[in-house]
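Colleague: Dropping the structure in here first, questions after.
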Amino acid sequence: RLRKAVSDAKAGNMPNDTIARAIRRGAGEDGGVTYEEITYEGYGPGGVAVLVDSMTDNRNRTVAEIRHISSKNGGNLGTSGAVNWIFEKKGYIVVPKSAKSEDELFELVTDAGAEDLRDDEDNFEIITAPDGFDAVLTAVKSAGIEPEVAEVEMLPKEYKRLEGAEAKQMLKLMEALEDNDDVQKVSANFDISEADMANA
C-alpha cells in the first residue's frame, strides 16, 4: 500500500520532501507527534458536495483552515454526514484509449471482476468494488496496460454541472484545499466542460 501511495504521489509530481514527510507522519516518526485521520464534509459553489480527507496533529487548526479556504472560495463546511451519502467507495482505474479497443478492454476487466467500464473522451474509466480493485488492476497491468490513475477513492453517485464563474471558483476551491499540508485528498461531485476547464 505504501509503495502504491509513493508511486501515485510521484506520478502526480508531488515533491520528494512532501512524500517523505507524509511517510514519517504515517509511521508516527514525526517528532513523537500523534496524527489522526479526519474527513470533513461541506459544499462548494453551486451546491457541489465536497469531502476533504485530512491527516492532522491539530484538528482545531485544520478545521479552521479548511473552513477559511471554503468560505473564501464560495463554499462552506457542513456537519458530519451532510454529503457523505452522495459518495461511495470504489476502485477507480483510468487507462488511455490507445491501450485496447473498448470491447477487448471490457472483456478483460469484467472477467477480472470490474463493475463498469466508462468512455471518457480520451480515456476509459474502470470502476470496481473496493475489494475487487487489486484483481482488476493486476489484470490490466498483466495485459501490458499502464494505468494513468489507479486508486480506491470516494466516487460521486451523481454530478452537478458547473459553468462559467461557478466552474472557475470550484476549481480554485479544489486547488486551495489540495495545497493545504494537512489535506490528503479532496473528492467533489462536479462536472465541468473542457472549455470552462481551459478558461479557468
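What follows is calculated from the coordinates using simple rules that are stated; it is not laboratory data. In this text the structure is predicted, and so the values were computed from the model without any measurement. Cβ: placed from backbone, ideal geometry, glycine included. Neighbour counts: every protein chain shown.
Colleague: With an 8 Å cut-off on Cα pairs and a minimum separation of 6 or more residues, tell me the relative contact order of segment 153-200 in percent.
Modeller: It comes to 56 percent, rounded to a whole number.
Colleague: Test of understanding: ordering 105, 173 by Cβ neighbours within 10 Å, fewest first, what list do you get?
Modeller: 105, 173
Colleague: For the pairs 100/157; 89/157; 89/185; 90/157; 72/172, note any where the Cα-Cα span goes beyond 18 Å.
Modeller: 100/157
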